[in-house]
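**Q** Below is one structure. I have some questions about it.
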Amino acid sequence: MQFALTEDQIAVRDMAREFAAEKIAPFALKWDEEKFFPVDVMREAAALGIGGIYIRDDVGGSALTRFDAALIFEALATGCPTVSAFISIHNMAAWMIDAYGSNAQRQKWLPRLCTMELIASYALTEPGAGSDAAALSTRAVRDGDHYVLNGQKQFISGAGTSDLYVAMVRTGGEGAGGVSTLVIEGDTPGVSFGANERKMGWNAQPTRAVIFENARVPIANRLGDEGIGFKIAMAGLDGGRLNITACSLGGAQSALDKSLAYVKERKAFGKRLDEFQALQFRLADMAIELEAARTFLWRAAAALDRKDPDATMLCAMAKRFGTDAGFEVANQALQLHGGYGYLAEYGIEKIVRDLRVHQILEGTNEIMRVIVARKMIEGAR
């Protein structure tokens with residue numbers, strides 16, 4: 001186990017933190033209010049190696065570890081969890097191409113994905129298939145050297161702006177074994193997009209439906225063999241769960257930092273707020289919860305890097321614990337700010353709104369419990 005960061009890891013984390021402080025944090029409230037998707041800023045981040053964090057270096061990736069990625073996404077999220085979370089989704093989609101694509105596919109897409117010249121989205125969820133992802137119904141039927149796609153994906157981050165969609169589609173029978181993975185270019189005829197969803201948070205990235213109406217996608221765009229798409233999707237989600245947990249911790253840490261500054265300045269009943277023991281205890285508990293979640297995240301990331309047999313379970317555990325803790329800390333920070341916490345200009349209510357969805361996406365926290373319970377029961381047999 002790793003309880004101390006190396007010099008390289010500290011440098012990577014600090015680089016991401018400085019970028020977040022300079023390029024993201026000053027504009028986060030404006031992006032949220034205007035529902036602006038800061039693609040140019042994300043490309044600046046990609047120039048630092050953040051567009052392909054754990055992509056192999058022969059195609060321009062940084063070839064870092066999942067542990068390194070957790071440090072980076074937490075640091076970026078101190079500036080804005082929404083922007084950090086989208087960069088994590090882009091990295092997840094790119095990793096699927098790197099891990100399961102042919103060399104020709106890797107060379108075709110990954111160099112431009114690593115620079116974020118191309119933006120990628122992950123397309124699994126459907127209107128009728130969320131937690132039960134194996135029940136997806138988007139159909140891909142072979143026609144010569146193409147698949148003809150019909151169906152719809154729902155809640156797709158970046159939809160309408162992204163250039164590529166790594167999508168899970170049904171090429172075979174029912175269940176997980178009938179799912180395959182296609183890389184679909186956004187300008188493919190027959191691909192269209194729903195309206196940008198009006199959301200509680202995550203306003204600095206678009207969320208739309210992706211609609212396929214007789215869209216023709218080359219068979220050459222399939223990742224791996226037919227029938228392994230569900231496996232690819234789940235493998236991607238192991239890392240995605242770590243990333244979104246890191247984003248929760250970064251947002252919550254920012255909220256805690258804002259709270260510490262506030263209680264040092266605000267007075268009530270003749271004393272500064274930080275002189276009240278009840279509030280000191282609350283701040284201490286917030287810090288303890290974050291540190292426990294961070295330690296858990298690091299353990300799960302190290303397990304995934306080692307390809308430990310229990311990595312999937314640890315990723316699910318860390319996601320459930322870390323996203324719950326992150327939201328609760330942010331919510332406590334809002335409470336500490338009193339009425340000011342409810343005002344947009346202080347930035348706390350935005351963090352609360354952004355972090356709430358982390359308990360839902362990349363597998364709801366109820367599904368994380370299902371994964372853990374299944375692994376426990378299997379191990380007891």
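**Q** Against the condition open to solvent by less than 60 Å² (accessible area, probe 1.4 Å) and on the phi > 0 side of the Ramachandran plot, how does GLY322 come out, does it pass?
**A** The answer is no for GLY322.
**Q** Filter the stretch 193-209 for residues that are surrounded by fewer than 16 Cβ atoms within 10 Å (Cβ to Cβ) and free of Cβ contacts under 8 Å to residues at least 40 places away in the same chain; which is farthest from PRO127 (Cα to Cα)?
**A** Selected residue: ARG198.
**Q** Could you identify the single residue in ALA316, ALA302, ALA284 that is hydrophobic (A, V, I, L, M, F, W, C) and free of Cβ contacts under 8 Å to residues at least 12 places away in the same chain?
**A** On inspection, the qualifying residue turns out to be ALA284.
**Q** A further question on this structure: Does PHE321 satisfy the condition of being closer than 20 Å to LYS375 by Cα, out of contact with any strand residue (DSSP E or B) (no Cβ under 6 Å at 6 or more places or on another chain) and not polar (S, T, N, Q)?
**A** yes
**Q** Right, another one. When the stretch 193-209 is examined, which residues are found to be under 16 Å from LYS350 (Cβ atoms) and of a type outside the set (A, V, I, L, M)?
**A** Passing the criteria: ARG198, LYS199, GLY201, TRP202, ASN203, GLN205.
**Q** State yes or no: is LEU304 of a type outside the set (Ser, Thr, Tyr) and open to solvent by 10 Å² or more (accessible area, probe 1.4 Å)?
**A** Judged against the criteria, LEU304 is a match.
**Q** Among the residues of the stretch 172-208, write down those that are in a strand (DSSP E or B) and either touching a helix residue (DSSP H, G or I) at 6+ places or on another chain (Cβ under 6 Å) or of a type in the set (Gly, Ala, Ser) (or both).
**A** VAL179, SER180, THR181, LEU182, VAL183, SER192
**Q** I'm trying to understand the selection: among the residues of the stretch 352-381, which are open to solvent by 10 Å² or more (accessible area, probe 1.4 Å), part of a helix (DSSP H, G or I) and hydrophobic (A, V, I, L, M, F, W, C)?
**A** Residues satisfying the conditions are VAL352, VAL357, ILE367, VAL370, ILE371, VAL372, ALA373, MET376, ILE377, ALA380.
**Q** Okay, moving on. Any chance you could count how many residues in the stretch 63-88 are open to solvent by 20 Å² or more (accessible area, probe 1.4 Å) and either in contact with a Gly (Cβ under 7 Å, 6 or more places away or on another chain) or among the basic types (Lys, Arg) (or both)?
**A** Qualifying residue count for the region: 3.
**Q** Here is a follow-up. Among the residues of the stretch 131-148 satisfying the criterion of being open to solvent by 10 Å² or more (accessible area, probe 1.4 Å) and part of a loop (DSSP other than H, G, I, E, B), which is farthest from LEU361 (Cα to Cα)?
**A** GLY144
**Q** Right, something else. Please identify the pairs in which a residue from the stretch 46-60 that is farther than 17 Å from PHE86 by Cβ and of a type in the set (Lys, Arg) has its Cβ atom under 6 Å from the Cβ atom of a residue that is in a loop (DSSP other than H, G, I, E, B) and modelled with pLDDT of 95 or more, counting only partners at least 6 apart or on another chain.
**A** Matching pairs, first to second residue: ARG56/ALA63.
**Q** Considering each residue of the stretch 242-282, count those that are assigned to a helix (DSSP H, G or I) and either among the aliphatic types (A, V, I, L, M) or within 22 Å of ARG294 (Cβ to Cβ) (or both), and give that number.
**A** Final tally of qualifying residues: 27.
**Q** Of all residues in the stretch 209-241, which are touching a Lys or Arg at 6+ places or on another chain (Cβ under 9 Å) and in a strand (DSSP E or B)?
**A** Once the filter is applied, which keeps residues that are touching a Lys or Arg at 6+ places or on another chain (Cβ under 9 Å) and in a strand (DSSP E or B), the stretch 209-241 yields ALA209, VAL210, ILE211, PHE212.
**Q** For GLU265, all conditions in the list (1) open to solvent by less than 50 Å² (accessible area, probe 1.4 Å); (2) touching a strand residue (DSSP E or B) at 6+ places or on another chain (Cβ under 9 Å) hold save one; what is the number of the exception?
**A** GLU265 satisfies every listed condition except (1).
**Q** Same structure, new question: Which one of GLY128, GLY160, GLY151, GLY175 is modelled with pLDDT under 95, open to solvent by 10 Å² or more (accessible area, probe 1.4 Å), more than 17 Å from the chain's Cα centre (by Cα) and under 22 Å from ALA195 (Cβ atoms)?
**A** One residue alone meets the criteria, GLY128.
The values are calculated or read from the model by the stated rules, or taken from the named source; none is laboratory data. Nothing here was measured: the structure is a model prediction, and the numbers come from that model. Neighbour counts are summed over all protein chains in view; Cβ atoms, including those assigned to glycine, are modelled from backbone coordinates with ideal geometry. Surface areas here come from the heavy atoms of the whole protein model, side chains and all, with no ligands, DNA or RNA. Shrake-Rupley method; radii C 1.70, N 1.55, O 1.52, S 1.80 Å.
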